[in-house]
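Working notes for the structure below.
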Amino acid sequence: MTCRTSKIVIVFAASLAVTAGVSAQIDVQTLLRTGEDTLGNRIAYPETGAAEITGALVTMMPGASTGWHRHPQPALFYLFSGELTVEYATGDARVFRSGDSDVEAQNIAHNGHNHGDVPVEMVVFYAGAGGLPRSEPAEPPVPEDFTDLQNAIPGIEIELRYLGSDNFIGRPIAGYERNVVYLTRAAAMALRDVQRELAAEGLGLKVFDGYRPQRAVDDFMRWADDPDDVAKKADYYPTVDKAKLVPNGYIARRSGHSRGSTVDLTLIDRGSGEALDMGSPYDFFDPVSSSSSTSVSDTAFANRMKLREVMVRHGFEPLEEEWWHFTLGDEPYPDRYFDFPVR
């Protein structure tokens, strides 16, 4: 019998012992007694169909997500190991750790993530009606304080690379459905000030990516785990072994983009619409893409410094390894990773 199963048996044995009045050799600890779910809503049992209780063992490996879903029936869970982060359509977020138990939010869309290095193991009991699904898919909402850049910043250019095939994977990426870039309102307003300052010099911004759904990051990771898919190596990572893209930090299981205040962009001439020379293409995984690389021309280096300086002046922090990558210093969601689709 595994340790995990033993724990479940102990829980049920304790229950039986209390019922029988035999508790001298068994320590009974109440895990939870509540009439509300984890968000404070009253628990409601479905009124259709015959009563049905289902117990399930759930294991989530590091980096795994449940996907957005909702429970039409009450669901009690207990974590044996790991740390589970759950975000809710209400804007709330909870972190559950080993030993925690609660009743999951009922009929409210939510998404669970294992951001840790060890598996999340938990037992879940569903109390509902026969034929009623334990969970059903749900789409995450667009937070109220996210905005479409083209509505917030007149004249900004959008070239959403992950919507099409002109990117380091060579195909459209999961979660990108329309040529629109979302950012938190705070990041968008700061970027609007950048655009206004550049306009005085006849320059502007072209944005390649902003908010990035977690499902897109997961898509990157699936690609990274496939050693045979190297169709775009010559264009995007000619000097780097694909197996080193993750260890070297070019791709990660979590991206600041998913927090909504990170943007990838370049400078353009507003008259011609042409992008300025930056010395290397966007998403070019190579040391030459470092902001301070001396392997580029003087013109390209000056353009990189101009972009960096104006972004920093308006509250953005650069990523040294990527001349195009900036994050708002005082970002509103430093610990939240969103997954609503770009549509």
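The values are calculated or read from the model by the stated rules, or taken from the named source; none is laboratory data. A quick note: this is a predicted structure, and the numbers were derived from the prediction, not measured. Neighbour counts are summed over all protein chains in view; Cβ atoms, including those assigned to glycine, are modelled from backbone coordinates with ideal geometry.
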When you scan the range 179-195, do you find a residue that is out of contact with any Cys (no Cβ under 7 Å at 6 or more places or on another chain), hydroxyl-bearing (Ser, Thr, Tyr), within 28 Å of Asp229 (Cα to Cα) and in contact (Cβ under 8 Å) with a residue 60 or more places away in the chain, even just one? no
Per-region count, the range 88-134, residues in contact (Cβ under 8 Å) with a residue 60 or more places away in the chain, polar (S, T, N, Q) and either surrounded by 19 or more Cβ atoms within 10 Å (Cβ to Cβ) or assigned by TED's automatic domain parsing to the domain that holds Arg253 (or both): 2
Test result for Tyr333, assigned to a loop (DSSP other than H, G, I, E, B), touching a residue at least 40 places away in the same chain (Cβ under 8 Å) and within 26 Å of Pro154 (Cα to Cα): yes
Within the range 137-169, track down each residue that is among the small types (Gly, Ala, Ser) and out of contact with any helix residue (DSSP H, G or I) (no Cβ under 6 Å at 6 or more places or on another chain). Ala138, Gly155, Gly164, Ser165
For Tyr211, are the conditions met, namely being touching a residue at least 40 places away in the same chain (Cβ under 8 Å) and over 22 Å from Trp323 (Cα atoms)? no
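For (1) assigned by TED's automatic domain parsing to the domain that holds Asp117; (2) aliphatic (A, V, I, L, M); (3) assigned to a strand (DSSP E or B); (4) surrounded by 15 or more Cβ atoms within 10 Å (Cβ to Cβ), each residue gets a yes or a no:
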residue: Gly40; (1), (2), (3), (4): yes, no, no, no
residue: Thr48; (1), (2), (3), (4): yes, no, no, no
residue: Gly55; (1), (2), (3), (4): yes, no, yes, no
residue: Gly63; (1), (2), (3), (4): yes, no, no, yes
residue: Arg70; (1), (2), (3), (4): yes, no, yes, yes
residue: Gln73; (1), (2), (3), (4): yes, no, no, yes
Condition check: of a type in the set (A, V, I, L, M, F, W, C), touching a strand residue (DSSP E or B) at 6+ places or on another chain (Cβ under 7 Å), modelled with pLDDT of 95 or more and within 28 Å of Tyr333 (Cβ to Cβ). Does Ala187 satisfy that? yes
Can you tell which of Pro318, Pro287 is out of contact with any Gly (no Cβ under 9 Å at 6 or more places or on another chain) and either surrounded by 15 or more Cβ atoms within 10 Å (Cβ to Cβ) or not assigned by TED's automatic domain parsing to the domain that holds Val217 (or both)? Pro318
All but one of (1) of a type in the set (D, E, K, R); (2) modelled with pLDDT of 80 or more; (3) surrounded by 13 or more Cβ atoms within 10 Å (Cβ to Cβ); (4) over 22 Å from Tyr88 (Cα atoms) hold for Arg33, so report the exception by its number. (3)
When the range 273-297 is examined, which residues are found to be modelled with pLDDT of 95 or more and either of a type in the set (Val, Ile, Thr) or more than 23 Å from Tyr237 (Cα to Cα) (or both)? Glu274, Val288, Val296
With (1) in a loop (DSSP other than H, G, I, E, B); (2) on the phi < 0 side of the Ramachandran plot as the list, and Ala188 as the residue in question, which single condition is left unmet? (1)
Please enumerate the residues belonging to the range 209-249 that are farther than 18 Å from Pro341 by Cβ, within 18 Å of the chain's Cα centre (by Cα) and not in a helix (DSSP H, G or I). Val246, Gly249
Do we have any residue at all in the range 150-172 that's part of a loop (DSSP other than H, G, I, E, B), touching a residue at least 24 places away in the same chain (Cβ under 8 Å) and touching a Gly at 6+ places or on another chain (Cβ under 8 Å)? yes
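Condition check ((1) part of a helix (DSSP H, G or I); (2) surrounded by 19 or more Cβ atoms within 10 Å (Cβ to Cβ); (3) not small (Gly, Ala, Ser)) across all residues:
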{"position": "Thr266", "(1), (2), (3)": "no, yes, yes"}
{"position": "Ser272", "(1), (2), (3)": "no, no, no"}
{"position": "Asp277", "(1), (2), (3)": "no, no, yes"}
{"position": "Thr299", "(1), (2), (3)": "yes, no, yes"}
{"position": "Met305", "(1), (2), (3)": "yes, no, yes"}
{"position": "Glu309", "(1), (2), (3)": "yes, no, yes"}
{"position": "Val312", "(1), (2), (3)": "yes, no, yes"}
Yes/no for Pro318 being within 17 Å of Gly210 (Cα to Cα), in contact with a helix residue (DSSP H, G or I) (Cβ under 7 Å, 6 or more places away or on another chain) and assigned to a strand (DSSP E or B): yes
